[in-house]
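Read the structure below first, then the notes.
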């Protein structure tokens, strides 16, 4: 997994289908759903996320199946819910280690607020107890 998979770490070419991920300093082995949950839950306004997340997770699952990864949508949804906690961890750690700027503070507050809304929406804390 990338570990900090967010829009700021993606570079796009003229062809929007071409994208390069950068900033691999937090890469490691882990649940693939971590990157997906982090990207969706911290990057999208909660109202937009609520409208799109099920479809995004299903599209992710279909892409995995195209590559031979056999995970059904129910398993991927459970992975997604469980991985929401990763968003809190990365957001808080990022805010602690990054040099403070007004833009950075605003970004980390938005990310924290968004991922916490997702955790509440999906009762994800219950998965940790």
Between residue 9 and residue 75, how high is the FRET efficiency from 1/(1 + (r/R0)^6) when r is the Cβ-Cβ distance and R₀ = 25 Å? Nearest 0.05.
0.40
Zone of residue 21 (label point 7 Å along Cα→Cβ, backbone N under 11 Å): which residues in region 65-109?
none
Quick one: 12, 38, 128, fewest Cβ neighbours within 10 Å first, how do they rank?
128, 12, 38
Exposure proxy check on 88, 115, 97: fewest-to-most Cβ neighbours within 10 Å is 97, 88, 115
Rounded to the nearest Å, what's the spacing between the alpha carbon centres of region 74-92 and region 1-20? Just the number, please.
20 Å
So, relative contact order of region 31-127 in percent, Cα under 8 Å, 6 or more apart, is 40 percent
Sites residue 89 and residue 62 - FRET efficiency at Förster radius 22 Å, r taken between beta-carbons, to 0.05:
0.20
Hey, what number do you get for the chain at 222 nm if only DSSP H runs of n ≥ 4 count, each worth -39500 (n - 2.57), divided across all residues, to the nearest 500?
-20500 deg cm²/dmol
Between residue 51 and residue 101, 0.36 nm times their residue separation minus their Cα-Cα distance comes to what?
14.8 nm
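Values quoted throughout were computed directly from the atomic coordinates according to the rules given, and no laboratory measurement underlies them. Values in this document were obtained by computation on a predicted structure and should not be read as measured data. A quick note on method: Cβ atoms are made from the backbone with ideal geometry, for glycine too, and the neighbour counts reach across all protein chains shown.
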